[in-house]
1. Using 7 Å Cα-to-Cβ label points, what is the residue 394/residue 322 separation (nm, one decimal)?
2. Given R₀ = 22 Å, FRET efficiency for residue 262-residue 139 by Cβ-Cβ distance, to 0.05?
3. Just need the relative contact order of the range 284-442 here, percent rounded to a whole number, with Cα pairs under 8 Å and 6+ apart.
4. Would you kindly state how much longer the chain becomes between residue 359 and residue 163 on full extension, computed as 0.36 nm times their sequence separation minus their alpha carbon distance, in nm to one decimal?
5. Test of understanding: extend the Cα→C-beta vector of residue 330 to 7 Å, then name every residue of the range 248-278 with backbone N under 16 Å from that spot.
6. Residue by residue, what Karplus-based ³J(HN,Hα) values in Hz, rounded to whole numbers, does the range 429-442 have, using 6.51, -1.76 and 1.60 with θ = phi - 60° and x for Gly and Pro?
7. Using a 7 Å offset from the Cα along the Cα-to-Cβ direction at both residue 251 and residue 115, what is the distance between the two label points in nm, to one decimal?
8. Where does the range 266-392 land on the Kirkwood hydrodynamic radius, alpha-carbon pairs, in angstrom?
Amino acid sequence: MSSLTSIDLSHHNSNGNLKSLDTLCPVAEIGEIDFSKVLDKPRTLNIERQRSCDERSMSELSIGFSPRQLFAKPDMFSRFGDHLDSPMQKSGLNTPRSLILDSNSILPEAWEALRRSLVHFRGEPVGTIAAMEDSDEKLNYDQVFVRDFVPSALAFLMHGEPDIVKNFLLKTLRLQSWEKKIDRFQLAEGVMPASFKVFHDPVRNRETLIADFGESAIGRVAPVDSGFWWIILLRAYTKSTGDSSLAEQPECQKGMRLILSLCLSEGFDTFPTLLCADGCCMIDRRMGVYGYPIEIQALFFMSLRCALQLLKPDAEGKEFMERIIKRLHALSYHMRSHFWLDLKQLNDIYRFKTEEYSHTAVNKFNVIPDSLPDWIFDFMPHHGGYFIGNVSPARMDFRWFCLGNCIAILSCLATPEQSVAIMDLIESRWEELIGDMPVKVCYPALETHEWRIITGCDPKNTRWSYHNGGSWPVMLWFLSAAAIKTGRPQIAKRALQIAEARLLKDNWPEYYDGTHGRYIGKQARKCQTWSIAGYLVARMMLDDPSHLGIIALEEDRQLKQPVHKRSNSWTL
């Protein structure tokens, strides 16, 4: 505890195709929808629903509307919310009334568990702890993590309870401004904490917040993703409430600029991506993601787009907006070109020549074809593709990572055709990526000698466990959001039904082990908050797809690259 930074904060007031399944969630008829303005208007508007809950089912949506038709009109998605109800009414259980019609629903228990996880500071809720399991070794699971709180925040926003999210944003913003030192080395001013906890001082009878910027974390790595999640959550709060006053506060504007200063700084790197260490993101242990991990690049892209919407065009803000636009153009081209893999691209890499020089080189990163792993040839379907885990000189990490690919869809880093291809891959490789518990954090797992070298013989990251191919229920909300956005809600529905059958019975584990996620993780915590919140967010989005507008972004036509009008997946 002594190594943590303490700050006393003031109080703030303010395979193949899936079969059509039974109806889970109602939606309005897509053909009639002028998608527009879920991203531009707060959900507090009272707008008449075009169709009642019983008139149209999610399975009808999946049959009657093609993903390619959905993407044929980029503006359709953004106008979806104009035709849906205002925020859902609360029942006596503080559970959305429309969701507890299913007598077998686990929603009431999920909401009860989520509320038990709330952390209060001076009488106000400021976050949710990572896990509520009674354990002698709490480690840091009793703290509020920035990345872990995001699904909790989205659940509360979708439920019409934004105050906790506002409090969280303000408290973490204050923590950002505190001096941060690790072994006499001072971190940059814009670094956001990985986590914080409320400490009660019995002597002064006063509550303070204690923040961890990486100095107490396993591996002592500062979080790169916390700042990105903070900006994304600020935008989600603004879109959900229609209240731009929080984002416009000088403190919030400064906080965003400090984060952007860190990731937009110029150095020796010739790539527009962001160079990162192992352990700096959700993959928080050594897993060979050093360099340019897809998760960080997708979050980087999304946070830049969110900041572009939130920054005020004053003297300082305008300068950052210009830098963001330049970076977004370069980053989108780089990612869509060099990180994308489908059958055609895989065949091209298989035939690469090496030691090419000059601007005419095809093998720009000097990737040796013999480095292609054996599993990739069977894993890649005829139709489908994904963003690989990492690209760096002489090395490509061909692993599939769930979070980075889903965020690529939600942020529009993936082109419409690439987004469809990602969902095609998930359907084609359902047993490998979904299995008995959604969703594999990455695929495949590192094993034997490779595992020893890359993970440092990490006993927690044994094969098909934890971040080495474990199955994480929290990924359910990412998958559901991406599925809805691409017009494939049946994917989300099928995954949700698998999860619902086990999560409550297993007491909301942190992760599952095994090639198909059949076993509760050997070292997994029970009553893991983001497993609970991830389920809630997925279920609420399926019940009312307009919620997607809180987190998903519209396609930016200015970022379209003419060369990428069509994915390679569809040229076979």
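Read the figures in this text as sums done on the coordinates, not as results from a lab. Here the structure is a predicted model, which is why all the values come from computation and not from measurement. All Cβ positions, glycine included, derive from the backbone under ideal geometry; neighbour counts span all protein chains shown.
1. 4.0
2. Efficiency, rounded to the nearest 0.05: 0.20.
3. The value is 28 percent.
4. Working it through step by step, the gained length comes to 65.2 nm.
5. Under cut-off, by backbone N: 260-276.
6. Computed from phi, the couplings for the range 429-442 are 10, 4, 4, 6, 9, 10, x, 8, 7, x, 9, 4, 5, 7 Hz.
7. 2.8
8. Result for the range 266-392 stands at 16.7 Å.
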